[in-house]
Every structure is written in structure tokens, then in C-alpha cells.
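Asker: First, the structure itself, so that you have it in front of you.
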Amino acid sequence: MSDGLQRLSEIARERGLRLSVVESLTSGRLASAVGGGDDAGSWFGGGVVAYQSAEKERILGVTPGLDPCSAECAEQLAEGGRRLFDADLCVATTGVGGPGPDDNGHPPGTVYLGWATADGVGHRMLSLTGDPIEVMEATVAAAVRMLSLHAEEAQPAGPRRTSVSA
């Protein structure tokens, strides 16, 4: 387990947080990584992999016609995942893995990470290099770091819900 995932596990357990993820670019790799954290069944609510725009719109509430490789899409994915899982924090990945540009002309390695908490939403843009697997791996590592960073500040929901372990 990476140091970042170890720290994320500690923060989530100590603070009583529920975390979730939404993935377009990373195809389940982020959920797999986060789910490997210590005692993840007590703090990881789950994840959604949504590639097609219609599914992002239907399941997660993304605005129809929104550029899937954009800050706005990343933020809306994160907010939709936060609501879906009743999470304190959700991080989303979207972008272009490559090897070529997407239909909107975004170059490979253009990645947006979105985050959402009860207090707000935000994003970070990454310009990554490498083949599609390297882009996905770098995106997962950055998303775990983002989860850890925002978990430090997220407000736990408290007693409104009960925790069920896997």
C-alpha cells in the first residue's frame, strides 16, 4: 500500500468520513486502489465508472452536452458521486488517456480531477505524459493525494447515517 493510501485510510478512520469516487478516465483503477486501503469497508462508500456522456448525465446529473474533458464536468461528476453515496468527500477523474486527442481536440494527458464536499466543489487540471496506462496510473496517484488533502478538511456527516462494513 502506498504512503498516500495509508495516510488516506488513517484520516478517514480518525475523522469518521465516508469517501467515494467517480471515474471516467481511470476505468475503475481509482476505486480499486482506494478499496485496498486499511479498513476501507468502514469509510469507502464506493465508486462509479461512467464513460458515456449519457450515463454521466443520467446517473450523476452532469449537464447534457457538457464537454467531458473539462473542469465543469469533473466538478459535476464529483458532486453527483457525493450525493449518490451520501459521502463527505468525492473525487472524480475525467480526461484523455490517449494515444491521440479526443473528439473535442483535447490532447492526450489532459486530465481533470474534481472534488466535492458539503462545503463546495473544485478541480485541478493535470497535463500528463506517457502512454494511456501511464496517464491512468499518474491520475490515480494524483486522485489519492487529492482525497487525502481534502479529507483533512472535510466535515463528517456525523450521526445521520450508520456505517456498514463490507
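The values are calculated or read from the model by the stated rules, or taken from the named source; none is laboratory data. Every value quoted in this text rests on a predicted model; they were computed, and no experiment measured them. Neighbour counts run over all protein chains shown; Cβ positions are idealised from the backbone, glycine included.
Asker: Restricting to the stretch 44-80, name every residue that is surrounded by 24 or more Cβ atoms within 10 Å (Cβ to Cβ), among the aliphatic types (A, V, I, L, M) and touching a helix residue (DSSP H, G or I) at 6+ places or on another chain (Cβ under 7 Å).
Answerer: Hits for the stretch 44-80 are Val62, Leu77.
One line per residue, one yes/no per condition, for (1) within 15 Å of the chain's Cα centre (by Cα); (2) over 23 Å from Glu137 (Cβ atoms); (3) among the polar types (S, T, N, Q):
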{"site": "Asp3", "(1), (2), (3)": "no, no, no"}
{"site": "Arg7", "(1), (2), (3)": "no, no, no"}
{"site": "Leu25", "(1), (2), (3)": "yes, no, no"}
{"site": "Glu55", "(1), (2), (3)": "no, yes, no"}
{"site": "Gln76", "(1), (2), (3)": "yes, yes, yes"}
{"site": "Ala87", "(1), (2), (3)": "yes, yes, no"}
{"site": "Gly100", "(1), (2), (3)": "no, no, no"}
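Asker: OK, next. Which ones in the stretch 42-71 are part of a loop (DSSP other than H, G, I, E, B), out of contact with any Ser or Thr (no Cβ under 9 Å at 6 or more places or on another chain), of a type outside the set (Gly, Ala, Ser) and within 18 Å of Arg82 (Cα to Cα)?
Answerer: Within the stretch 42-71, Thr63 is the sole residue that qualifies.
Asker: Give the residue, chosen from Gly80, Gly114, Gly105, that is among the small types (Gly, Ala, Ser), at pLDDT below 95 and farther than 21 Å from Glu134 by Cβ.
Answerer: Details: Gly80 fails: at pLDDT below 95; Gly114 fails: at pLDDT below 95.
Just one listed residue meets the conditions, Gly105.
Asker: Which number in (1) surrounded by fewer than 16 Cβ atoms within 10 Å (Cβ to Cβ); (2) out of contact with any strand residue (DSSP E or B) (no Cβ under 9 Å at 6 or more places or on another chain); (3) touching a residue at least 12 places away in the same chain (Cβ under 8 Å) marks the one condition that Arg83 misses?
Answerer: (2)
Asker: Residues of the stretch 96-131 being closer than 24 Å to Val48 by Cβ, among the small types (Gly, Ala, Ser) and not in a loop (DSSP other than H, G, I, E, B), which ones?
Answerer: Initial filter on the stretch 96-131 (closer than 24 Å to Val48 by Cβ): 96-98, 102-104, 106, 108-126, 128.
If we keep only those that are among the small types (Gly, Ala, Ser) as well, we get 97-98, 109, 114, 116, 118, 120, 122.
Listed by number, the residues that qualify are Gly114, Ala116, Gly120, Gly122.
Asker: Quickly run through the stretch 17-41 and pick out the residues that are surrounded by fewer than 17 Cβ atoms within 10 Å (Cβ to Cβ) and either acidic (Asp, Glu) or under 15 Å from Phe85 (Cα atoms) (or both). Steps first, please.
Answerer: Pass one, the stretch 17-41, residues surrounded by fewer than 17 Cβ atoms within 10 Å (Cβ to Cβ): 27-28, 32, 35-36, 38-39, 41.
Those that are surrounded by fewer than 17 Cβ atoms within 10 Å (Cβ to Cβ) and either acidic (Asp, Glu) or under 15 Å from Phe85 (Cα atoms) (or both): Gly35, Asp38, Asp39, Gly41.
Asker: Let me ask something else. Within the stretch 27-41, work out how many residues are part of a helix (DSSP H, G or I) and over 14 Å from the mean Cα position of the chain (by Cα). Reasoning before the result, please.
Answerer: Our first condition is that a residue be part of a helix (DSSP H, G or I); within the stretch 27-41, this holds for 29-35, 40-41.
Retained after the next criterion (residues that are over 14 Å from the mean Cα position of the chain (by Cα)): 40-41.
Total meeting the criteria: 2.
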